[in-house]
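J.: One structure, pasted below without further comment.
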Amino acid sequence: MNTQLSADGLWHDLRLLDMQALLAGELRTTPGVIAVQGGRITYAGPALALPEGLSTSGPRHDGGGALVTPGLVDCHTHLVYGGQRAGEFALRLAGASYEEIARAGGGIVSTVRATREASEEALLAAAAPRLEQLLADGVTAIEIKSGYGLELAAERRQLRVARALGERHGVTVKTSFLGAHALPPEFAGRADDYIAQVCDHMLPALADEGLVDAVDAFCERIGFTLAQTERVFQAAERLGLPVKLHAEQLSDMDGAALAARYGALSCDHVEHLSPRGIAAMRDAGSVAVLLPGAYYALRDTHLPPVEALREAGVPMAVSTDHNPGTSPALSLLLMLNMACTLFRLTVAEALAGVTVHAARALGLQATHGRIATGVPANFVLWQLQEPAELAYWFGQRPACRVVRQGRIVEGGR
Ligand code: NIG
Ligand code: FE
């Protein structure tokens, strides 16, 4: 980790991305300044309107005319795990499908084996450099799921590592308990018994330890049924925890409509989402999290219904879905590019998708994904001429300075 200096003071000579215009579909910047005090933004806007007290107090930080956006939010990751699955990548290239590999005992369960064997220290050591890659792209808040332990002790290790990463790297981490990710081999043929274990033992214990911010599940032919997913949601509801869902990734299971009934923060993947699911999400205010990395890596051809989501006014977020099976992606900016090229989001939609809408998918909309008075200072200075370049380049790391949780981080990490 680089030396971290307080970001308090006045940031001047900035070109602020106009978030209001962004939500109206326009890419616009306005010259301005940001004042930070005690790690919080006390003013953001034109220099001329800066309240007098703020202009004189504290150090000055020269922005050098940089483009400034809110800190990016990566709202769907499986960052903590053991091993990797390059071998499966080769199998898929040779013609095997993700589902076939999973049914043959590979897929998620192979990462479960590696994760169960790994100590907390080993999981942390493996995840930290991955997190640093994401942070270098201007990420200031991230969701991290469990789901590769599938037994209490190993799920706990994943979630504890997620919390430790947040503290060590000074980044906002939201955890999701994904015990219902796959059926562990010791429960073969007894999926309902496993779900009972998830609902009655694992989730309550981990929630009690303060390790769970939200509850997720994989509702799919190779995951869990609609009825089993609902049992998980009921358990979450009993504990007052919000839910989200890996929904309609490989087939239409009607999972999104179920998740919406439980007020889901988000339904993620959604390639096979139905009009009924879209309407339910709209009514519930759930965010559709689009994951172009998984779509790309699986060489999927079934596009998510972007136009219908747009028409319905369902907010669309974009995330890496970083995981060793379907999306070994470590750049949120690359996902921004892919959301545009593969899913045909406009650049403005994709930028809203990694800021305001991603924050909402984590229940962080009051504090993250925007630059406003009173919110914690999380913003990024980019060495770019115009906002569209954020989606245009790929493989570049244009974040020059990141302010994360009120601290200055050069180059983002
Ligand atoms: O989001 N779809 C289920 N879960 C992950 C993949 C997990 C894996 O293959 O290891 C996803 O794509
Ligand atoms: Fe996922």
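J.: Within the stretch 224-242, track down each residue that is in contact (Cβ under 8 Å) with a residue 12 or more places away in the chain and small (Gly, Ala, Ser).
T.: Hits for the stretch 224-242 are ALA235, ALA236.
J.: Determine if the stretch 143-159 includes at least one residue that is more than 16 Å from ligand 1 (Cβ to nearest atom), over 15 Å from the mean Cα position of the chain (by Cα) and closer than 25 Å to TYR98 by Cα. Spell out the reasoning first.
T.: First, pick out the residues of the stretch 143-159 that are more than 16 Å from ligand 1 (Cβ to nearest atom): 151-153, 156-157, 159.
This time we only want the ones that are over 15 Å from the mean Cα position of the chain (by Cα), so: 151-153, 156-157, 159.
If we keep only those that are closer than 25 Å to TYR98 by Cα too, we end up with 151.
Within the stretch 143-159, one or more residues are more than 16 Å from ligand 1 (Cβ to nearest atom), over 15 Å from the mean Cα position of the chain (by Cα) and closer than 25 Å to TYR98 by Cα.
J.: Restricting the search to the stretch 221-244, which residues are within 16 Å of ligand 1 (Cβ to nearest atom) and in a loop (DSSP other than H, G, I, E, B)?
T.: ARG221, ILE222, GLY223, THR225
J.: Restricting the search to the stretch 247-260, which residues are free of Cβ contacts under 8 Å to residues at least 40 places away in the same chain, under 20 Å from THR77 (Cα atoms) and not in a helix (DSSP H, G or I)?
T.: Once the filter is applied, which keeps residues that are free of Cβ contacts under 8 Å to residues at least 40 places away in the same chain, under 20 Å from THR77 (Cα atoms) and not in a helix (DSSP H, G or I), the stretch 247-260 yields ALA247, GLU248.
J.: Answer yes or no as to whether GLY325 is in contact with a strand residue (DSSP E or B) (Cβ under 8 Å, 6 or more places away or on another chain) and not in a helix (DSSP H, G or I). Steps first, answer last, please.
T.: On the way: in contact with a strand residue (DSSP E or B) (Cβ under 8 Å, 6 or more places away or on another chain): no; not in a helix (DSSP H, G or I): yes.
Against the criterion (in contact with a strand residue (DSSP E or B) (Cβ under 8 Å, 6 or more places away or on another chain) and not in a helix (DSSP H, G or I)), GLY325 does not qualify.
J.: Give the residues of the stretch 39-55 that are at pLDDT 95 or above and either β-branched (Val, Ile, Thr) or in a loop (DSSP other than H, G, I, E, B) (or both), sorted by residue number.
T.: GLY39, ILE41, THR42, PRO46, listed by residue number.
J.: Looking only at the stretch 296-336, count every residue that is among the β-branched types (Val, Ile, Thr) and crowded, with 22+ Cβ neighbours inside 10 Å and tell me the total.
T.: Residues of the stretch 296-336 that are among the β-branched types (Val, Ile, Thr), as a first pass: 301, 306, 314, 318, 320, 326.
Among the residues that remain, those that are also crowded, with 22+ Cβ neighbours inside 10 Å are: 314, 318, 320, 326.
Going through the stretch 296-336 one residue at a time, the tally reaches 4.
J.: Going by the conditions given, is GLY325 in contact (Cβ under 8 Å) with a residue 12 or more places away in the chain and within 12 Å of ligand 2 (Cβ to nearest atom)?
T.: When the stated conditions are applied, GLY325 passes them.
J.: Scan (1) away from ligand 2 (no atom under 16 Å from the Cβ); (2) closer than 30 Å to THR69 by Cα; (3) charged (D, E, K, R); (4) touching a residue at least 12 places away in the same chain (Cβ under 8 Å) for the single condition GLU167 breaks and write down its number.
T.: (4)
J.: Could you tell me whether ALA207 is within 14 Å of ligand 2 (Cβ to nearest atom), at pLDDT 95 or above and of a type in the set (A, V, I, L, M, F, W, C)?
T.: Criteria not met by ALA207.
J.: Which residue, of GLY293, GLY255, is under 23 Å from ALA388 (Cα atoms), within 16 Å of ligand 2 (Cβ to nearest atom) and buried (at least 24 other Cβ atoms within 10 Å of the Cβ)?
T.: Answer to the check: GLY293.
J.: Identify the residue in the stretch 308-322 that is of a type outside the set (A, V, I, L, M, F, W, C) and within 16 Å of ligand 2 (Cβ to nearest atom) and, among all such residues, is farthest from THR355 (Cα to Cα).
T.: The qualifying residue farthest from THR355 (Cα to Cα) is HIS322.
J.: Moving on to the next point. Look at LEU54 and say whether it is more than 15 Å from ligand 1 (Cβ to nearest atom), surrounded by 22 or more Cβ atoms within 10 Å (Cβ to Cβ) and over 22 Å from the mean Cα position of the chain (by Cα).
T.: It is false that LEU54 is more than 15 Å from ligand 1 (Cβ to nearest atom), surrounded by 22 or more Cβ atoms within 10 Å (Cβ to Cβ) and over 22 Å from the mean Cα position of the chain (by Cα).
A quick yes/no check of all residues on (1) in contact with a Lys or Arg (Cβ under 6 Å, 6 or more places away or on another chain); (2) hydrophobic (A, V, I, L, M, F, W, C); (3) closer than 19 Å to THR320 by Cα:
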| position | (1), (2), (3) |
| --- | --- |
| ALA339 | no, yes, yes |
| THR355 | no, no, yes |
| LEU364 | no, yes, yes |
| PHE379 | no, yes, no |
| LEU384 | no, yes, no |
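J.: When only residues in the stretch 197-220 that are within 16 Å of the chain's Cα centre (by Cα) and assigned to a loop (DSSP other than H, G, I, E, B) count, which is surrounded by the fewest Cβ atoms within 10 Å (Cβ to Cβ)?
T.: ASP213
J.: Also: Got at least one residue in the stretch 261-279 being touching a Ser or Thr at 6+ places or on another chain (Cβ under 9 Å), within 15 Å of ligand 2 (Cβ to nearest atom) and in a helix (DSSP H, G or I)?
T.: no
J.: Can you confirm whether the stretch 101-116 contains a residue that is within 16 Å of ligand 2 (Cβ to nearest atom), charged (D, E, K, R) and in contact (Cβ under 8 Å) with a residue 40 or more places away in the chain?
T.: No, there is no match, as no residue in the stretch 101-116 is within 16 Å of ligand 2 (Cβ to nearest atom), charged (D, E, K, R) and in contact (Cβ under 8 Å) with a residue 40 or more places away in the chain.
J.: Hey, another quick one. Is it the case that some residue within the stretch 172-183 is of a type in the set (Ser, Thr, Tyr), touching a residue at least 60 places away in the same chain (Cβ under 8 Å), at negative phi and crowded, with 24+ Cβ neighbours inside 10 Å?
T.: yes
J.: Here are some residues: GLY65, GLY82, GLY58. Which one is away from ligand 2 (no atom under 16 Å from the Cβ), in contact with a Leu (Cβ under 8 Å, 6 or more places away or on another chain), under 30 Å from LEU5 (Cβ atoms) and assigned to a loop (DSSP other than H, G, I, E, B)?
T.: Within the list GLY65, GLY82, GLY58, the selection yields GLY58.
The values are calculated or read from the model by the stated rules, or taken from the named source; none is laboratory data. Treat the numbers as computed from the prediction; the structure is a model and nothing was measured. When we count neighbours, we look across all protein chains shown, and the Cβ atoms used for this are built from the backbone with ideal geometry, even at glycine.
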